[in-house]
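Step one of this worksheet: look at the structure below.
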Amino acid sequence: MKKIDKHILKSFIGPFFMILFVVIFILVMQTLWVYIDELVGKGLGFKVIAEFLFWGSCTILPLAIPLATLLSSMMTIGSMGENNELIALKAAGVSVSRIMLPVMIASVFISIGTYFVINELVPVAFNQIYTLRDDIKRTKNEIKIPDGVFYDGVEGYVLRVENTDPKGIMNGVMLYDHHGKGKPTRR
């Protein structure tokens, strides 16, 4: 491998991974806005949300990898043109196709890797994300009952909690049932 090939590949690989990370982040945030109503208020732990985001980013890889390849190759050749490296190489008798050969070879390897990602990882990721979404949908909404206030967020009942200790145990609970006719009954 010639020095110019190493230089071109070095200037290609850095922007490729940076752009790939940025594109995945943007597309995951876009996907997160679609499913935000399913995630908020369920009392989910960090591990569940991280798993949801990981599988979501795996489903986005087929969109992000080609975009990152295109943008990083444009940045590589563009920066070479801006720094007059292309002019110097053309003056030395190197053809444009020879200058672009390392980027094209790297793109071929990236496309082969993308094929395996689409074929092997994406079906598993979609299966995991749909299973996780079903589990999250079955999770009941977390109820936050303030201390010392009559809470009517549960249909047909009014609750009052004197205090809640740090472990989440409620003390001095009063429950008023409003399902019967007449005045409410205290339980």
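Taking the criterion of being open to solvent by 60 Å² or more (accessible area, probe 1.4 Å) and at pLDDT below 85, the residues of segment 1-35 that qualify are 1, 33, 34.
Conditions tested, residue by residue: (1) closer than 18 Å to residue 81 by Cα; (2) part of a helix (DSSP H, G or I).
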residue: 1; (1), (2): no, no
residue: 4; (1), (2): yes, yes
residue: 10; (1), (2): yes, yes
residue: 18; (1), (2): no, yes
residue: 28; (1), (2): no, yes
residue: 44; (1), (2): no, no
residue: 47; (1), (2): no, yes
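When segment 30-42 is examined, which residues are found to be within 24 Å of residue 168 (Cβ to Cβ) and not in a loop (DSSP other than H, G, I, E, B)?
Filtering segment 30-42 for residues within 24 Å of residue 168 (Cβ to Cβ) gives 38-42.
38, 39 - these are the residues of segment 30-42 that are within 24 Å of residue 168 (Cβ to Cβ) and not in a loop (DSSP other than H, G, I, E, B).
The values are calculated or read from the model by the stated rules, or taken from the named source; none is laboratory data. Worth saying up front: this structure is predicted, and the values here are computed from it rather than measured. FYI the Cβ positions are ideal-geometry reconstructions off the backbone, even for glycines, and counts take in every protein chain you see. Surface accessibility is based on the protein's heavy atoms, side chains included, excluding ligands, DNA and RNA. Shrake-Rupley method; radii C 1.70, N 1.55, O 1.52, S 1.80 Å.
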